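Structure record follows, encoded as structure tokens.
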């Protein structure tokens, strides 16, 4: 059985950044496994720009960002196996892989870094009733077909969901000659960045219908229309408000789900709120030596934060491999309180925080001027002000070492406190 | 310039001020609703000379890939977007391609080059 | 000129065709659709019933009880998965106990062995996630689960291997027998046959009406279902029924043979036999009704919902007989539940009918009842996997990540007789698209593989029927089109 110091699962930005960080810490034997025919992950099909503004201080497209890391991987001589699928991982960090060249084999890993990314929520999962014709695509699948395979998916498009992927695809489809009839958002506000609403919808005169949703799909063999209804304050369709929109395609941009089958196979404990593994400040999961980073932990908005998180995981995995096994370390939980959908990491060993701890969180609704407070019991460890927050934009709260040192050992809570007036 | 009355949503920072621009003299437009100078500059540019980066793909041959992702090297006038798409759609590229390689130089006189955003090996 | 034309390539028609292909007969198998098993066969509960439900003395009871024991050998020959997990008809209050006892008695009358009424304590031990209100249940150990379309696909392949000619996209528009044999007319062509077997599902009355005065009417009753992720599959261990009502067996919960959880169906009479849409209020009803069985059904793990039509006969029983008005025309109609269970027994009986009509049948010496074994790659031991990959590297490429299906298996499914030519055809035969990503990941790859193996442009590949195009063309319209072969 081949063995490696670190095995990274997933060759997108998360996997590559983690592998590079581990190599820079001096780890020699690293193997990165990627199921597609080339590295880059989802970035290869994200041909638009906006990547790397923080990390490289440049405005790059997905492929350009990806190529930087592919070059780094090459320069650092990090081994990768492409067209290779990981079938399972054990708690003992044995990784079973399969590819055409080598067949099925198992490799032993000193540490494993999970970087499998996420999949898209489907029509079936959100239960849109109606017929089941051809012409229904998730935005990412359409993106792959258009940008990589070079095919058009439809001529008259209706889109449900205003996350960034959907907004970007509305523009892409229009540029390639499709007519995007309307883009619908269940909520009273769009899910993606305002920049994208302006540059993808307003720029092209594509109607944005807030507080609307698709309640039925029509068409026997191919989509021929959708019934659209207005939604109420709970984002549920209001009966009697249905209108028919004729179209030949429905694109769904209704959410991303971290892809954790392999994590489950390794017995990793999951956080229901994020859909990903519970991780600590080094991005180690509940299984010693198994780390996780990127969209597999929680769905990110910016690849720059993915890379940051992945470097933490890469370094964490490197330390795990390099240092002798430690006695049990005490960690405390970081619990999402009022106003929070989730916070990552979910656990922290205060003694192991070097300079600072970055918390990444999402709020559960739109907030006006408010504060994010990190508390132990009644005591506030850290408080930051925000003029506005919404679930579509991940927030970062930085807690420096001094504040960490005051932790007495009970669980921490992170919550939103609205500011009066 | 004709008399205009428009609302621009500023995208410079997450605040997203709704900026009202009115007037008929491009040197002396009335701009209100912005909370900072950057917003005022953005709104002015959007009214007088809106520009965008154009990103798309182009046909590729002799590669394991059918399409090459490309971008304009600098922003181009908004009104040039679809005319440029026509030119790009008629363009054929052969691998190998180097990232940053100029595919079309000074596309439609915009001053922007159309460049490859990835490298592709020849097959 | 064919000896027999079978109209309808669902589970009934394909099993009959397979049965007939054993004999020296020229057999044609016709279907209106672009693939076999595109009607009711593809959208039902997939349950092999024990046989206590149907009224004694009916065809339903007779063929159910005859059919059930045939499934082990059948599924072995067809090389498909079948699992006798047993069923429970549960009484959720003492008032329902009488129904359970009545079914027990009926089962005995129908000749069903091994039935037991089990009480609360044993019931809870067998099914810990069953609702607390359950007081007792009828346990039938011989009930089983199967993916019904797999039966039809396999049977069609075997039939074709043994000489049956399959005509797809052949909607029967008229049947003329003015000149003696049956002239079966479709828009695209004609087929002549001495005998016709009418297995046309919800359209059986329409087909019958082409040769004889109506002797039965088929009402379509729609049933809607939820399919839940495999992670929900071990919620329950048996097929769980509620007590039946006049409407039918009611909403059930079962695991499927591949490990998903299936919840449904409701029952709704519909006029438009082409209407297969699901609707919100019916699905809500299914959900509420299933709540009686268990409050723990994880509806947040639903991966899709679908609907199917039952062919409900006005005679209230299966119509399996030669038409008195049209000699040589055999109706096999109204095959609603327990039609799937009855299917292999019906096939044998119809063979006997045909034998009677034709004055005896001669067996073929070279008939092969077995389907060439299907490689279920992930079930093989590692050494076999590697051997296979060395011979054919396509088995080393996993295309469907949710179900771990390899390119080799997909290619094989395309090149068998009556093989997959569509995306749904691949889904039926090898499962990509059945998993939690619902084809999001594997879709583009499946499409590419189909195009390559069939020598078509990807834009020609359809989802299911001929008009269900997926791609509308290439990007960069108005340029030079590449040839398929150079790119894929």
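Working carefully through the options C:354, C:303, find the one that is outside any loop (DSSP other than H, G, I, E, B), over 22 Å from residue C:143 (Cα atoms), away from every other protein chain (no Cβ under 14 Å) and touching a strand residue (DSSP E or B) at 6+ places or on another chain (Cβ under 7 Å). Reasoning before the result, please.
On the way: C:303 fails: away from every other protein chain (no Cβ under 14 Å).
Answer to the check: C:354.
Can you tell me which residue in region C:438-461 is farthest from residue A:45 (Cα to Cα), limited to those that are part of a loop (DSSP other than H, G, I, E, B) and touching a strand residue (DSSP E or B) at 6+ places or on another chain (Cβ under 7 Å)?
Among those residues, the one meeting the criterion is C:438.
With (1) within 9 Å of another protein chain (Cβ to nearest Cβ); (2) without any contact (Cβ under 8 Å) to a residue 60 or more places away in the chain; (3) more than 23 Å from residue C:76 (Cα to Cα); (4) in contact with a helix residue (DSSP H, G or I) (Cβ under 6 Å, 6 or more places away or on another chain) as the list, and residue C:388 as the residue in question, which single condition is left unmet?
(3)
Among the residues of region A:124-139 satisfying the criterion of being at the interface with another protein chain (Cβ under 7 Å from one of its Cβ atoms) and modelled with pLDDT under 95, which is surrounded by the most Cβ atoms within 10 Å (Cβ to Cβ)?
Top of the filtered list is A:125.
Which of the residues belonging to region A:145-162 are at the interface with another protein chain (Cβ under 7 Å from one of its Cβ atoms), buried (at least 23 other Cβ atoms within 10 Å of the Cβ) and in contact (Cβ under 8 Å) with a residue 60 or more places away in the chain?
Selection gives A:147, A:153, A:154.
For residue C:308, all conditions in the list (1) out of contact with any helix residue (DSSP H, G or I) (no Cβ under 9 Å at 6 or more places or on another chain); (2) under 24 Å from residue C:334 (Cβ atoms); (3) modelled with pLDDT of 95 or more hold save one; what is the number of the exception?
(1)
If I ask for residues that are within 13 Å of another protein chain (Cβ to nearest Cβ) and assigned to a loop (DSSP other than H, G, I, E, B), which ones from region A:367-405 would you list? Full working, then the answer.
As a first pass, look at region A:367-405 and keep what is within 13 Å of another protein chain (Cβ to nearest Cβ): A:367-369, A:386-390, A:392-395.
A:368, A:369, A:387, A:388, A:390, A:392, A:393, A:394 - these are the residues of region A:367-405 that are within 13 Å of another protein chain (Cβ to nearest Cβ) and assigned to a loop (DSSP other than H, G, I, E, B).
On the basis of being buried (at least 16 other Cβ atoms within 10 Å of the Cβ) and within 15 Å of the chain's Cα centre (by Cα), does residue A:283 make the cut?
The answer is yes for residue A:283.
Take region C:84-116 and flag every residue that is assigned to a strand (DSSP E or B) and surrounded by fewer than 16 Cβ atoms within 10 Å (Cβ to Cβ).
Residue satisfying the conditions is C:116 alone.
Go through region B:55-69 and give me each residue that's more than 8 Å from chain A (Cβ to nearest Cβ) and on the phi < 0 side of the Ramachandran plot.
B:58, B:60, B:61, B:63, B:68
Between B:20, B:27, which is assigned to a strand (DSSP E or B) and out of contact with any helix residue (DSSP H, G or I) (no Cβ under 8 Å at 6 or more places or on another chain)?
B:20
Does region B:50-73 hold any residues that are closer than 22 Å to residue A:174 by Cβ and in a loop (DSSP other than H, G, I, E, B), and which are they?
Answer for region B:50-73, where residues must be closer than 22 Å to residue A:174 by Cβ and in a loop (DSSP other than H, G, I, E, B): B:50, B:53, B:54, B:66.
Would you confirm, using the coordinates I've provided, whether residue A:173 is away from chain C (no Cβ under 14 Å), touching a residue at least 12 places away in the same chain (Cβ under 8 Å), closer than 23 Å to residue A:120 by Cβ and outside any loop (DSSP other than H, G, I, E, B)? Before you say what the answer is, go through the steps one by one.
Numbers: away from chain C (no Cβ under 14 Å): no; touching a residue at least 12 places away in the same chain (Cβ under 8 Å): yes; closer than 23 Å to residue A:120 by Cβ: yes; outside any loop (DSSP other than H, G, I, E, B): yes.
Here the answer is no, as residue A:173 does not meet what is asked.
Which residue pairs have Cβ atoms under 8 Å apart, sit 6 or more places apart or on different chains, and have a first residue in region A:231-247 that is under 25 Å from residue A:179 (Cα atoms) and a second that is part of a loop (DSSP other than H, G, I, E, B)?
That search, which allows pairs on different chains as well, returns A:231/A:186; A:231/A:187; A:231/A:211; A:231/A:238; A:246/A:224; A:247/A:154; A:247/A:223; A:247/A:224.
Can you find a residue in region C:117-124 that is surrounded by fewer than 16 Cβ atoms within 10 Å (Cβ to Cβ) and under 20 Å from residue C:150 (Cβ atoms)?
No, the conditions are met nowhere in region C:117-124.
Yes or no: residue A:392 at positive phi, surrounded by 13 or more Cβ atoms within 10 Å (Cβ to Cβ) and out of contact with any helix residue (DSSP H, G or I) (no Cβ under 7 Å at 6 or more places or on another chain)?
No.
Do we find that residue B:46 is within 14 Å of chain A (Cβ to nearest Cβ) and not in a helix (DSSP H, G or I) in this structure?
Values: within 14 Å of chain A (Cβ to nearest Cβ): yes; not in a helix (DSSP H, G or I): no.
Here the answer is no, as residue B:46 does not meet what is asked.
The values are calculated or read from the model by the stated rules, or taken from the named source; none is laboratory data. Only a predicted model underlies this, so the values are computations on that prediction, with no experimental measurement involved. Using ideal geometry, Cβ is built from the backbone for each residue, glycine included, and neighbour counts are taken over all protein chains shown.
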